[in-house]
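These notes are about the structure you will find just below.
The values are calculated or read from the model by the stated rules, or taken from the named source; none is laboratory data. Treat the numbers as computed from the prediction; the structure is a model and nothing was measured. Note that each Cβ is placed from the backbone with ideal geometry, even for glycine, and that neighbours are counted across all protein chains shown.
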C-alpha cells in the first residue's frame, strides 16, 4: 500500500508540473498570437533579405519559431516576399536593401522572381548592397542586381559553370539480389535509370545537356546585363577557371570589392548618413511582413491555389499535393460565387498518375463553370505537375522553370532472393485465381503479368498525351514528339507550345484579372496555413526529426536519403513524375 501511495503522489506531482508548464506555454502562445508588442519600423531602416532561407510558395505559420526567440523565420511566402520588396520601394522608412549572399536555398525560377522584384526596387533610387563570405553561383544570380556586391577578402565567388550529377544503384541492387522490374513509356523517361543503368543513357544525357544549357544561358544573360559585359566573356571565365580568388572576381568585374562585414556595414552607414558608432536599423523580412497592413476585403476575388510538392493519392501532408485535399479545394473555389478566376501555382515534380488525373478533372470543371484558370509554374512543374497544368486557359513559366517530362513509369521489385539469401525469409501462399497476387514483391513476375502492367502504363501514357493535346490544342503526333518523358526548360517550353508566356505569379494573377474583367479584386490563397492546434496535433514531431536528420547528414546526403525514400514510396504504383530531383551546382 505504501508503494501505491508513493507511486500515486509521484504521478500526481508530475501531472501538476506538466499542467502548469502547459499553462505557461499556452499563455506564451496566446501572447504571441494576440500580437504582443506592436511591430514598428524605424526611420532610416534597411530591409534584409537572407538568400539562405527558402521562400516556399505556401505561407507557413511561424508561432513556434517566434516563441523560441527567432524573430525572422521567413514564414513569408515567395509571393509575399516579392510584395514586401515592392512595398519597401514606396516606404519612406526603408532606405535600402541588404542581401545576405552566401548560399541560395531557392530554385532558379523563384530566384528569377526575387531578382525581378529587386531590379524594380532599384528603379526607386534606393540602394541595394549584397555581401557574402563565399558566394555561390545561384546566390550571385540574385545578388548581381545590387548596386554594389562584395565578398570577404579570404572568401570568394564560385564561378565554375553548372553541373547536375545523378546517382545509380543498379549494382547495389544486384549485390542485394533485388531485381527491379520496370515498366515505362517515353524514351526520355529516365526516372528508372538509377535502378537499371550504371550511367546516363544517350537520351537522358541529351535532354540534361539541353535543359542544363538553357538554365546556364539564362544565368549568363542576367549576369552579363547586370555587370555590363557579354556572355562569351563570362563563359570563358568559367571554362578557364579564371576566378580563383576574391581579387580575381574584382579584377574581372564580377565583384565591386573585397571587404569584411564591418567594412560593408560602414558603407551602409555612409549611405544612410549616420555616424560610425550608430546602430543600423536592419529590418528582417519576417518582421517587415508583420508591420504590413492586411489586404482589404473585396467582394470579387481571385483564388490562388498552391500545388507544391509531390502529387500523392489521398490527403497528403503540408509538403505534398494530396488529390483528396486539392479536389476539395478546387471544388470549393469553383462553387464560390465570389471567386471570379483561379490561379494554380504549380511547383511539383509530379507523382501519382491517378492523383494527377483527379486534380486535372477538377481543373476542367473550373473551366466548364466559366471561370478563367491560369497556371503559374514555379521552379518545377513537370510530369504530373504538367498533367495538372495542361487544362489551363494560359500557362506562365520562368525561362528557367523545369517542365514537360510527359511520360509515366512503374516499378515492382522482385525481392525473393534478397529475402531468402540475405534474411533467410521464404514465402508461400494460397490463391483463388492465377493473378490474385499480381504485383507481389516476393516473387518474379510472369511474362503475362508483365504484359498486363505494361498495358496499364501504356494506357495512362496515352491518356496523359490526350490531356495535353486537348488542353494545348495540339495534334497528338506533335504532342508525342515533344513528350516521351523529355524535360524542358521554360524558355524552350515556350518555343514548343507547352507554355504560353514567360513570367511569374504576379503576371499570372494579372492575366487572370484581365480574363475575368476585374479591376478591383482581392486574393484568397489556398491551402490556408495550419492553425496552431492543427500544428500541435499534426506532424510537428516528424518535422523536427527531418530537420535534425538533414542537419546531421548534410544537404547532399539528405537529398540521397530522400531519393532512396521516394523509390520506396513509388514502388507498386504508376507514376507521372520527374526522373529525379534536379540539383544544379
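Of note:
- Qualifying residue in the range 304-311 (condition: in a strand (DSSP E or B) and more than 29 Å from residue 402 (Cα to Cα)): no
- Applying the condition of being in a helix (DSSP H, G or I) and under 16 Å from residue 330 (Cα atoms) to the range 378-388 and asking which residue is nearest to the chain's Cα centre (by Cα) yields 385.
- The lone exception for residue 166 - which of (1) surrounded by fewer than 22 Cβ atoms within 10 Å (Cβ to Cβ); (2) closer than 17 Å to residue 227 by Cα it fails: (2)
For (1) assigned by TED's automatic domain parsing to the domain that holds residue 410; (2) at pLDDT 95 or above; (3) within 23 Å of the chain's Cα centre (by Cα), each residue gets a yes or a no:
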| site | (1), (2), (3) |
| --- | --- |
| 285 | no, no, yes |
| 315 | yes, no, yes |
| 342 | yes, yes, yes |
| 373 | yes, yes, yes |
| 376 | yes, yes, yes |
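- Checking residue 198 against (1) assigned to a helix (DSSP H, G or I); (2) farther than 30 Å from residue 235 by Cβ; (3) modelled with pLDDT of 90 or more, the condition it does not meet: (1)
- Residue within the range 421-439 that is within 37 Å of the chain's Cα centre (by Cα), farther than 30 Å from residue 512 by Cα and outside any strand (DSSP E or B) present: yes
- Selected residue (criterion: surrounded by the fewest Cβ atoms within 10 Å (Cβ to Cβ)) from residues of the range 116-155 that are touching a strand residue (DSSP E or B) at 6+ places or on another chain (Cβ under 6 Å) and either outside the structural domain of residue 102 (by TED's automatic domain parsing) or assigned to a loop (DSSP other than H, G, I, E, B) (or both): 147
- Selection within the range 249-262: residues that are touching a residue at least 60 places away in the same chain (Cβ under 8 Å) and outside any loop (DSSP other than H, G, I, E, B). The member of this set that is surrounded by the most Cβ atoms within 10 Å (Cβ to Cβ) is 249.
- Among the residues making up the range 318-337, those that are exposed (fewer than 15 other Cβ atoms within 10 Å of the Cβ) and farther than 18 Å from residue 357 by Cβ are 319, 332, 335, 336, 337.
- Hey, residue 419 out of contact with any strand residue (DSSP E or B) (no Cβ under 9 Å at 6 or more places or on another chain) and either assigned by TED's automatic domain parsing to the domain that holds residue 347 or at pLDDT 95 or above (or both) or not: yes
- Failed item, numbered, when residue 482 is tested on (1) within 30 Å of residue 211 (Cβ to Cβ); (2) at pLDDT below 60; (3) in contact with a helix residue (DSSP H, G or I) (Cβ under 7 Å, 6 or more places away or on another chain): (2)
- Set side by side, the residues 471, 456, 490, 424 differ, and just one is closer than 26 Å to residue 190 by Cβ and at pLDDT below 95, which is 456.
- Flag for residue 219 being buried (at least 19 other Cβ atoms within 10 Å of the Cβ) and either at positive phi or touching a residue at least 24 places away in the same chain (Cβ under 8 Å) (or both): yes
- Subset of the range 103-127 [under 17 Å from residue 284 (Cα atoms) and in contact with a helix residue (DSSP H, G or I) (Cβ under 6 Å, 6 or more places away or on another chain)]: 104, 114, 117, 121, 127
- Every listed requirement among (1) outside any strand (DSSP E or B); (2) surrounded by fewer than 16 Cβ atoms within 10 Å (Cβ to Cβ); (3) in contact (Cβ under 8 Å) with a residue 40 or more places away in the chain is met by residue 282 save one, (1).
- Test: residue in the range 517-533 that is part of a helix (DSSP H, G or I), at pLDDT 65 or above, touching a helix residue (DSSP H, G or I) at 6+ places or on another chain (Cβ under 8 Å) and buried (at least 17 other Cβ atoms within 10 Å of the Cβ): no
- The residues on offer are 208, 172, 192, and the sole one that is in a helix (DSSP H, G or I) and touching a strand residue (DSSP E or B) at 6+ places or on another chain (Cβ under 7 Å) is 192.
- Matching entry among 384, 378 (being closer than 21 Å to residue 574 by Cα and surrounded by 24 or more Cβ atoms within 10 Å (Cβ to Cβ)): 384
- Filter result for the condition that a residue is part of a loop (DSSP other than H, G, I, E, B), modelled with pLDDT of 95 or more and either buried (at least 24 other Cβ atoms within 10 Å of the Cβ) or in contact with a strand residue (DSSP E or B) (Cβ under 9 Å, 6 or more places away or on another chain) (or both), over 391, 355: 391
- Among the residues making up the range 457-475, those that are assigned to a helix (DSSP H, G or I) and touching a helix residue (DSSP H, G or I) at 6+ places or on another chain (Cβ under 8 Å) are 460, 463, 464, 465, 466, 467, 468, 469, 472.
- Between 501, 467, the distinction of being in contact (Cβ under 8 Å) with a residue 40 or more places away in the chain and surrounded by fewer than 19 Cβ atoms within 10 Å (Cβ to Cβ) belongs to 501 only.
- Residue match in the range 506-517 (condition: out of contact with any strand residue (DSSP E or B) (no Cβ under 9 Å at 6 or more places or on another chain), touching a residue at least 12 places away in the same chain (Cβ under 8 Å) and more than 30 Å from residue 189 (Cα to Cα)): no
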